[in-house]
Structures are given as structure tokens and as C-alpha cells.
Amino acid sequence: MKRKLSDIQLLRFLVQLICFLFLPGLFADILGNIKYIIYQAVSGNFELAVMLTTILTFATVIIFGRILCGFMCAFGAMQDWFYYIGKRFLKIKYKINSQIDKMLKLIKYFVLALFVISAVWGLALPNNINPLNTFGNIFAFDYAALFSVGGLLLIIIVVGSMFVQRGFCRYICPLGALFCVISKFKAIKIYKPSHKCGECKYCTLQCPMGIELYNSDTVKSGECIGCMKCISACPRKNVKPKYMSVKANIFIVLFAVALLFAVNRFNIFGHISSYAPDMEIISVVNPQLQESDYIDGTYEGVGTGFRGDTKVQVVIYQGKITDIKAISTEDDNSFFEKAFSEISKNIKTEQNSQVDTVTGATYSSRGIRDAANDALSKAKK
């Protein structure tokens, strides 16, 4: 018998589709922000925009669990859809052994450890071997990125997702590992009184993360991504969120989506962090700016953005940064232009390159900032 798509699963599909089309790099950006915060913690310098965005993300996970993974992750949505294709059209029927599944889930914590170590040392994975970057490059119409190590890994992940649903999320994703730890303290949990259950175990069969739901009355596992498929699947309507109704969860999902969409798409926190007083006030507060450290002239610098090199030109006149021009970039124009207008303005205001990144265009921002810093290093006395 065909089951009708429930309201919550229809909502989930629509949210996934919207995020897939308009926020494909959301989780890569969150991961980049976390790595940047770790690196900044070592150097003793923090950016307000990055801190606020990350705190908001962590607060959402602590309260609602990994609902962002279940509803907003474009990479996860892609895996869901390919799993459906494999199951529905290619008739793939594969079930991984539960013990092997548990062991493989430990891999992502090892990946998380490597991620933290690389953040502390300021190391970056080359763009051409990172499948997440390849995924983002495809949305920038850079199909040549598929012909790389990262492209090969992405293809392996796609093919693997047809056999094991959310294989990357289960076994490899470092952000998933971090969220898995944090969400153990979540306020909202799935409640399933076993004394009302039959022997079908249908909720467990429908779980994309392979959680054995029949083993407990309350699902406390950090592996739960809040997709609510178990709620929709239960023929007895026996599975439900603890302390909240499904309608309340729908509202929560919409609120979280709207808030994170606004933060990442419209740079809400970026405007907070980019505020600076005018140059007269800065000169009084920072006496060292009275005597410039720069020699007049035009200087070029290079930095690394999301997809490759970014080159800028910085003009120094009477010891001050008077103009910044973009010479070339390999980044997507929409992200680059959003970042450049804000970053260049702030560098001229602050009279140095140590300014905040633009939320939603973090990697492009860092490329512009590093290029400006490279140029200014050549202009120093």
C-alpha cells in the first residue's frame, strides 16, 4: 500500500529544495566559521559576525537537535534524493550490518579531530580535493571541478548514497560529528512508548541515520537529524516529539529556516560587526595612525578565495589607504561582489586589513582581505 506523503515530510522536501537552490554552501560556511573561530582562539582575536552566527547555530542544535541537518543541509538533501532514486528506480535493496554501521560511525569523530588540528595550525584542504568545495563549485557552474580528486570523491559519495542513506552524514561529516555531541543535550527528543508498539519496527526501517528506535522509549541519540520520518511513518501514530506537538515543530522549523536564511543571505550580523567610527575618532583613539606606516603608491596583492586566487590593488596616498580595486577573482561573482563592497569599505575605514568577514560570503571575504593584507605588506615602511 502506498503511503501518502505527510504534511511534515512535504514541508521538509520544500525546505530542502529551497536550501539546495539558494543556500547550497550553508553548511560549508558554518564549518568554515567554526574552523576560523578555532584558529582565531589560538591567535586571541575574534570576529563578532562569525561568533554570533556560530552561537546561533549551536543554540539551535542544543535546543532542537540536528534539525538543520535534516531540513537545511543541501549536501544531505542530495544524498536523500539519490537514495530515493536508487531504491525507487534502480531497485537497490541493501542493508548494512548494524554492528558495522556502529563502527563506521566512529570515523567521523576521527575526521573531526583532524579538522580541529588543521584549524589550530591554520591548515586548509586544497580546493581540488575537497568534495564539499566541488559541490559548491558546481553551483557556480564550474563543471570542470568534477574532473579532480574532489570530483571523484563527490561521485563516490553520490553512488554510495544510493546504497546507504546519508552515508557521508553517518560516517564522514565532521560537522555532523560535532552536532552529534552537542545535540545529546537537546531539549526536544523523540518519544516512542514501546508498550504501545507492535513488531513492525517500521520507524527504524525509515530512519535515514540507522538508529535502532525499537530499543528505547525516548530517542536520545545524537545521530538523530530531526527529519521526523519516524513520526510520519508510524502506522499507530505512536511516535511523537517529547514536550511538543508536530505543529509546534513545524513552526520551529520555519522559524529556524527563516532566521538562518536571513543571517546567511542578507548579512544581518555583518552589519553589526562592520560598524566603525569615522577616521577622526579612530585617529584620536589610536595615536599610532597619526604617523602612517605606509609609503605612498599603488600595490597589488593576492589571496585565496573559495575557488582560487583573488588579486586586488591598494592605493596609498598621504600615508592612508584611499582606494581598493578588484583586479581578478576566480570566485562566483555574486558572492565576490557582496563581499568586496563591504570589505573594501571597512578596510578604508579601519585603515588596515584586519576587518570582519561578510556572513554568507566568508571564503570570498577572506580572499579579499588576505589579498589586501599582501598588498599592504609591500607598502609598509
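All of Ala375, Ala371 fail the test of being in contact with a Phe, Trp or Tyr (Cβ under 6 Å, 6 or more places away or on another chain) and under 16 Å from Gly305 (Cβ atoms), apart from Ala375. Just so you know, in segment 183-197 the residues that are over 22 Å from the mean Cα position of the chain (by Cα) and among the basic types (Lys, Arg) include one that is nearest to Ile55 (Cα to Cα), and it is Lys189. Report, by residue number, each residue of segment 195-206 that is out of contact with any Phe, Trp or Tyr (no Cβ under 7 Å at 6 or more places or on another chain) and assigned to a helix (DSSP H, G or I). The answer is His195, Lys196, Tyr202, Cys203, Leu205, Gln206. Across segment 311-356, the number of residues qualifying as over 15 Å from Asp293 (Cβ atoms), hydrophobic (A, V, I, L, M, F, W, C) and not in a loop (DSSP other than H, G, I, E, B) comes to 10.
Here Ser221 passes the criteria (1) open to solvent by less than 30 Å² (accessible area, probe 1.4 Å); (2) in a loop (DSSP other than H, G, I, E, B); (3) modelled with pLDDT of 85 or more except the one numbered (1). Does Tyr109 count as more than 16 Å from the chain's Cα centre (by Cα) and farther than 27 Å from Ile37 by Cβ? Criteria not met by Tyr109. Residues that are touching a Ser or Thr at 6+ places or on another chain (Cβ under 8 Å), modelled with pLDDT under 85 and over 30 Å from Asp142 (Cα atoms) within segment 283-333 comprise Leu289, Gln290, Gln318, Gly319, listed in sequence order.
State yes or no: is Phe269 at pLDDT 80 or above and either over 23 Å from Ala371 (Cβ atoms) or part of a helix (DSSP H, G or I) (or both)? No: the conditions fail for Phe269. Entry remark, segment 71-97: residues being surrounded by 11 or more Cβ atoms within 10 Å (Cβ to Cβ) and part of a helix (DSSP H, G or I) number 15 in total. Screening segment 357-381 for residues that are open to solvent by 10 Å² or more (accessible area, probe 1.4 Å) and not in a helix (DSSP H, G or I) and picking the one that is farthest from Ala145 (Cα to Cα) gives Lys381. Beta carbons closer than 7 Å, at least 6 apart along the sequence or on distinct chains, pair a first residue in segment 4-27 that is closer than 18 Å to Lys229 by Cβ and open to solvent by less than 30 Å² (accessible area, probe 1.4 Å) with a second that is outside any loop (DSSP other than H, G, I, E, B) and among the aromatic types (Phe, Trp, Tyr) for Arg12/Phe71; Val15/Phe71; Gln16/Phe71.
Within segment 328-354, residues that are more than 14 Å from Arg307 (Cβ to Cβ) and free of Cβ contacts under 8 Å to residues at least 24 places away in the same chain have Cβ atoms under 8 Å from residues that are among the polar types (S, T, N, Q) and in a helix (DSSP H, G or I) in these pairs: Ser353/Asn373, counting only partners at least 6 apart in sequence or on another chain.
All conditions in (1) surrounded by 12 or more Cβ atoms within 10 Å (Cβ to Cβ); (2) modelled with pLDDT under 85 hold for Tyr109, with the sole exception of (2).
Ser274 fulfils the conditions (1) modelled with pLDDT under 85; (2) open to solvent by 40 Å² or more (accessible area, probe 1.4 Å) except for a single criterion, (2). Looking only at residues in segment 156-193 that are open to solvent by 60 Å² or more (accessible area, probe 1.4 Å) and part of a helix (DSSP H, G or I), the one that is modelled with the lowest pLDDT is Phe185. Counting only residues that are over 31 Å from the mean Cα position of the chain (by Cα) and either closer than 21 Å to Ile67 by Cα or open to solvent by 50 Å² or more (accessible area, probe 1.4 Å) (or both), segment 198-215 holds 6 of them. Filtering Ile316, Ile327, Ile321, Ile343 for residues that are open to solvent by less than 40 Å² (accessible area, probe 1.4 Å) and under 29 Å from Asn130 (Cβ atoms) leaves a single hit, Ile343.
For segment 140-155, name all the residues that are over 13 Å from Met78 (Cα atoms) and either among the charged types (D, E, K, R) or assigned to a helix (DSSP H, G or I) (or both). Hits for segment 140-155 are Asp142, Tyr143, Ala144, Ala145, Leu146, Val149, Gly150, Gly151, Leu152, Leu153. Is there a residue in segment 163-176 that is free of Cβ contacts under 8 Å to residues at least 60 places away in the same chain, in contact with a helix residue (DSSP H, G or I) (Cβ under 9 Å, 6 or more places away or on another chain) and not polar (S, T, N, Q)? No, segment 163-176 contains no residue that is free of Cβ contacts under 8 Å to residues at least 60 places away in the same chain, in contact with a helix residue (DSSP H, G or I) (Cβ under 9 Å, 6 or more places away or on another chain) and not polar (S, T, N, Q). Selection over segment 127-143 of residues that are at pLDDT below 85, open to solvent by less than 70 Å² (accessible area, probe 1.4 Å) and either in contact with a helix residue (DSSP H, G or I) (Cβ under 7 Å, 6 or more places away or on another chain) or not aromatic (Phe, Trp, Tyr) (or both) gives a count of 11. Taken together, the residues in segment 178-196 that are closer than 28 Å to Ala28 by Cβ and of a type in the set (Ser, Thr, Tyr) amount to 1.
The values are calculated or read from the model by the stated rules, or taken from the named source; none is laboratory data. Please read these numbers as outputs of a predicted model, since none were measured by experiment. Because the Cβ atoms are built from the backbone with ideal geometry, glycine has one as well, and the counts that use them run over all protein chains shown. Only protein heavy atoms, including side chains, enter the accessible area calculation; ligands, DNA and RNA are left aside. Shrake-Rupley method; radii C 1.70, N 1.55, O 1.52, S 1.80 Å.
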